[in-house]
Every structure is written in structure tokens, then in C-alpha cells.
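Following: one structure in C-alpha cells, then a few remarks.
The values are calculated or read from the model by the stated rules, or taken from the named source; none is laboratory data. All figures in this text were calculated on a predicted structure; none of them were measured in a lab. Backbone-built Cβ (ideal geometry, glycine too); neighbour counts: all protein chains shown.
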Ligand code: TYM
């Protein structure tokens, strides 16, 4: 089995979620908590399938909400390239939470991060991806009345003032221990986590009272918020809570879908032809030959194609189970399974692209001016 790495900047190898839960100190979303969330969200595919599966202080958030102390949502994107289907998972769930709880959402674009952590990208290239990514964010359908998009370099007037308060409480040795930095790490990287902490308390600063914050994200971002949870109470704010999801895997095998390998990823900007090509080329849990597959069956547990159905493209549990069984028992071949998936992804991306075009008209309604 390949060695696992899960940091905010690198995800590789076979992901062992149980090990991550232990190492990061996360809590599983238990039945009681799921039932409580369902009261507001209704039946939810991401919860039912345990795609969103772990949390920090979600019970606190829901208890406070029931007492009338409303929380706000915070999530983000590091604009290092075009948006891919994986990024959309936490955003779609965040929209469902915004609709269910009628909450404010703060969305952060960490253009500074992507400049500091990339060997290739210029500031101008990152700025361009920021604009492109914002179209995808708006296309997800967040409420313009209740959503604010902050971009680090653009909104530095507001964000930097708060980031220095956080930075003053973080030592170099903490960032070394949490992120694996060393003496050759550029100083911008060492500072950066302070910027990602700010939206977790910016509403409390603006409204001059403590407001709970819930952050939906995939498990790779947890390290930032472990630090934020340590520091924010020292500044007089609540610890931010989180609800975290698994990764939709890359099409070339294990790990997460990576924006740096175009073949492992379906971008929201891909054409129908691109999608067809990528899915046809994708790794599967299939056998070497059709004869073997018929005899021994495939392995949907390690198959990114099956995971696509699981995460987004087969909403009916019974049909998903039938597909799983048909694969396992050698009745369904990979080629056929891929051919059934292609039009579903094409339809989804086409609809998203229409909304992405419309987003251009309402772009400015979402942007924070400071
Ligand atoms: P970024 O741009 O790497 O990722 C954006 C969001 O997508 C999640 N994600 C995935 N989810 C499911 N499957 C995948 N394959 C997959 N790949 C990425 C990430 O966990 C993230 O939620 N530094 C951050 C930007 C940021 C942020 C935040 C993210 C700033 N503030 C608050 C979450 C919450 C970044 O570079 O994310």
C-alpha cells in the first residue's frame, strides 16, 4: 500500500480515513447528530452516504442554534487552477446548509496562498483563476443577499488587520509541527495560516459580538483549523466548528482529485469531448480481461468510476447497490459502466456552465468592498 500524505497542500497515497480521524482528533458524525441535522436539512445524500462524516463541535453549533444563537458558515478555495468536481462537493453541501439554516456565508479565496505555495504561478495568473473560480462559486447558487466573497490580496485592508492578531499568537515551532515547515520554508508560507483563520471570526469582529462559525471542507484543510481553534479563544472568540468530507478520488487511481494533473480531474470548464476522453481513459477496479472480469467480478471499492456514481451521479441508493453488485459478480463491464456515466457528467457540467455564464451578471453582488 502506498504511503499516505494528507496536508492542505498535498494529498497522496491510499487514504486511511480511520487513521486520519485518530491523528487529527476528529469526531464521527453519530446517529444522534445526523438525526438532528436532518431535522433541518431533510434527507441528505452527503450525510446518508457518510461523505460528510466527521466534525468538530457540530453539536455545539446545533445546540446554540436551537437556543436562538445563530451561526454563520465559512468555506473557501485556493485559486491555483480551474475548479474541478471535487471542489464542488463541499460547496454544494454548504449551499444546502445555507438554505436549510438561512445563514450567512463567508467565502474566502486564498490567492496569496496559491502564489506563496506554487513554484510556477505568477500573481497575475492566480488573479485570473480567482475570477474564474468565483464564477463557479456563484454558479453553485448561494444566496446573493447572504453571501460575501473575500479575496485575500483584494480585501487585505480588512483581513490583514485581523491576521496579524492571529499571527502574534502562533510560533514558528507550531507551524513546523503542524505543517512540517523547516528553516528553508519561505516566510510567507509560515504566516499564511493566519489569513485562513480570519474569516472564522470576522463576523464576530464586524458585529462586535461572538457569533459561532461552522466550516464545511474536505479533511485536508483540518490542520489550519486545528491552529485556529487553539488561537481564537485567546483572542476572545469561539473555537470554529467544522463538518468535513471525504475526497472524490482522482481518475488515475488513489488519492484525491488533483488540479495539477488534468487527466485525473473533470474541470467545470471541460467540454463534452474532454469529459468523454477522460472517463474512457480512467483507471477502474476492473480485471485485466473481460473473461476474468466475468468470472471473478470487479472491485468497486477501489474504482473512481464507482465513486463518481456514489458522490454525485447516482442518487438512488437501490440503483447504486445494484450497480455495486453487478460489478462484483461480473455482470457489469467497466466499458459499459463508463459509457453510462459519461452523459450524466456531461449533463451536470453543461448545466453548471449555463449557471456559470449567468454568474457574470451578478458577480459584483457577492464581492466584498473594503
Ligand atoms: P482548495 O482550493 O484546495 O479546495 C477547495 C475545497 O475543496 C475541498 N476539496 C475536495 N473535496 C472533495 N473531493 C476532492 N477531491 C477535493 N479536493 C479539494 C477542499 O477541502 C476545500 O474545502 N486553502 C484552501 C482554501 C480555503 C478554505 C477555507 C477551504 C480558505 N479558507 C475554508 C475550506 C474552508 C484551499 O486551497 O482549498
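Worth a mention:
- Of all the residues in the range 116-144, those that are surrounded by fewer than 21 Cβ atoms within 10 Å (Cβ to Cβ) and over 18 Å from the mean Cα position of the chain (by Cα) number 15.
- All positions within the range 8-23 that are within 17 Å of the chain's Cα centre (by Cα) and within 18 Å of residue 180 (Cα to Cα): 8, 9, 10, 11, 12, 20
- Residue 307 touching a strand residue (DSSP E or B) at 6+ places or on another chain (Cβ under 7 Å), within 23 Å of residue 85 (Cβ to Cβ) and either not in a helix (DSSP H, G or I) or not assigned by TED's automatic domain parsing to the domain that holds residue 13 (or both): yes
Conditions tested, residue by residue: (1) at pLDDT below 95; (2) within 11 Å of the ligand (Cβ to nearest atom); (3) more than 21 Å from residue 313 (Cβ to Cβ).
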residue	(1), (2), (3)
197	no, yes, yes
200	no, yes, yes
206	no, no, yes
213	no, yes, yes
243	no, yes, yes
259	yes, yes, no
262	yes, no, no
274	no, no, no
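- Inter-residue pairs, beta-carbon under 6 Å, first under 11 Å from residue 109 (Cα atoms) and in the range 124-152, second more than 15 Å from the ligand (Cβ to nearest atom) and in a strand (DSSP E or B), 6+ apart: 149/367
- Enumerated helices (runs of 4 or more DSSP H) restricted to the range 156-226, each holding at least 3 residues that are touching a residue at least 24 places away in the same chain (Cβ under 8 Å) and over 27 Å from residue 247 (Cα atoms): 156-167, 202-207
- Within the range 227-241, being out of contact with any strand residue (DSSP E or B) (no Cβ under 8 Å at 6 or more places or on another chain) and within 13 Å of the ligand (Cβ to nearest atom) holds for 227, 228.
- For the range 28-41, taking the residues that are closer than 17 Å to residue 64 by Cβ and in contact with a strand residue (DSSP E or B) (Cβ under 9 Å, 6 or more places away or on another chain), the one that is surrounded by the most Cβ atoms within 10 Å (Cβ to Cβ) is identified as 37.
- Single residue of 340, 353 found to be within 21 Å of the chain's Cα centre (by Cα), under 19 Å from residue 274 (Cα atoms) and not assigned by TED's automatic domain parsing to the domain that holds residue 135: 353
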